[in-house]
Every structure is written in C-alpha cells, then in structure tokens.
Amino acid sequence: MKKNTFITLFIGVHIMLIFLQVHKHTLFIKNNYQQQAYEKKRAQLIEQKQLLTQELHTLKDRETIKQFAYNTLNMRPYKLSQIHKLPIHHDQ
C-alpha cells in the first residue's frame with residue numbers, strides 16, 4: 001500500500017514539475033518578446049529625438065529665422081535713416 005502511494009505521489013510531483021517547467025519557458029519567451037518590442041520602441045524614440053534635435057538646430061539658425069521673417073511675416077530690416085527719435089516731454 002505504501003509503495004502505491006509513493007509511486008502515485010512520485011508521478012504526481014513529476015507531472016507538476018513538467019507543467020511548471022513549461023510555464024517557466026512560456027514566461028521566458030513572453031518576456032523576450034516584450035524586451036524586443038521595448039528595444040524596437042527605444043530605437044524609434046532615439047531616431048525621433050535625433051530628428052527633432054536636428055530640426056531644432058535648423059530652426060535656431062540665424063539665416064532660417066531671417067528667411068522666415070522675410071517670407072512669412074513680410075518683415076524688412078530698418079535703415080538708420082528710417083529711425084526717428086521721439087521727443088520726451090516731462091510734466092512738471
């Protein structure tokens with residue numbers, strides 16, 4: 001009787017260990033897939049950061065600002081002869 005109980009218990013524990021091993025392997029594969037997805041997203045974000053940094057440097061460029069002011073805002077530089085001094089009145 002004890003021999004049958006031991007064999008049943010022995011087989012039951014081994015079956016449970018097999019299922020735990022399969023479960024561990026499944027979690028390992030799932031985590032690897034998630035890690036790959038995160039690494040891909042990180043690479044995309046690094047590339048996007050580089051593009052945005054390059055665009056920022058382009059927009060900060062003095063010549064780009066000047067062209068934007070000329071073309072979009074229709075601004076022109078003042079000549080010194082166009083500047084007039086306004087008199088200051090002091091009320092006393």
Point to revise | Label-point gap, in nm, between Thr26 and Leu9 - each point 7 angstrom along Cα→Cβ | key: 2.8
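Report, in deg cm²/dmol and to the nearest 500, the calculated mean residue ellipticity at 222 nm for the chain, where each DSSP H run with n ≥ 4 adds -39500 (n - 2.57) and the sum is divided by the residue count. Intermediate values should be presented prior to the final figure.
Details: 2 runs with 69 residues, N = 92.
Calculated from helices alone, the mean residue ellipticity at 222 nm is -27500 deg cm²/dmol.
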Check your understanding: For helix 62-71, what angle does its Cα long axis make with the longest principal axis of the chain, in degrees from 0 to 90 and rounded to 10?
Key -> 70
Revision key, fill the gap. Of the accessible area of the chain, computed with a 1.4 Å probe and all protein chains kept, carbon and sulfur make up a percent value of 63
Point to revise | Sites Thr53 and Met16 - FRET efficiency at Förster radius 41 Å, r taken between beta-carbons, to 0.05 | key: 0.15
Point to revise | Lys2 versus Glu39: modelled label distance in nm, points set 7 Å from Cα along the beta carbon direction | key: 5.4
Exercise for review: Calculate, for the chain, the solvent-accessible area per residue in square angstrom, rolling a 1.4 angstrom probe over the heavy atoms of the protein chains.
Suggested key: 109
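If the only charges are +1 at each Lys and Arg Cβ and -1 at each Asp and Glu Cβ, what is the size of the charge dipole of the chain around the Cα centre, to the nearest 20 debye? Before the final figure, lay out each step's value.
Values: 14 positive and 6 negative charges, 85 e Å.
The dipole of the chain has a size of about 400 debye.
The values are calculated or read from the model by the stated rules, or taken from the named source; none is laboratory data. These numbers were taken from a predicted model, which means no experiment stands behind them. Note that we place each Cβ from the backbone using ideal geometry, even for glycine, and neighbour counts take in every protein chain shown. Areas reflect the complete protein model, heavy atoms only, side chains present, ligands, DNA and RNA absent. Shrake-Rupley method; radii C 1.70, N 1.55, O 1.52, S 1.80 Å.
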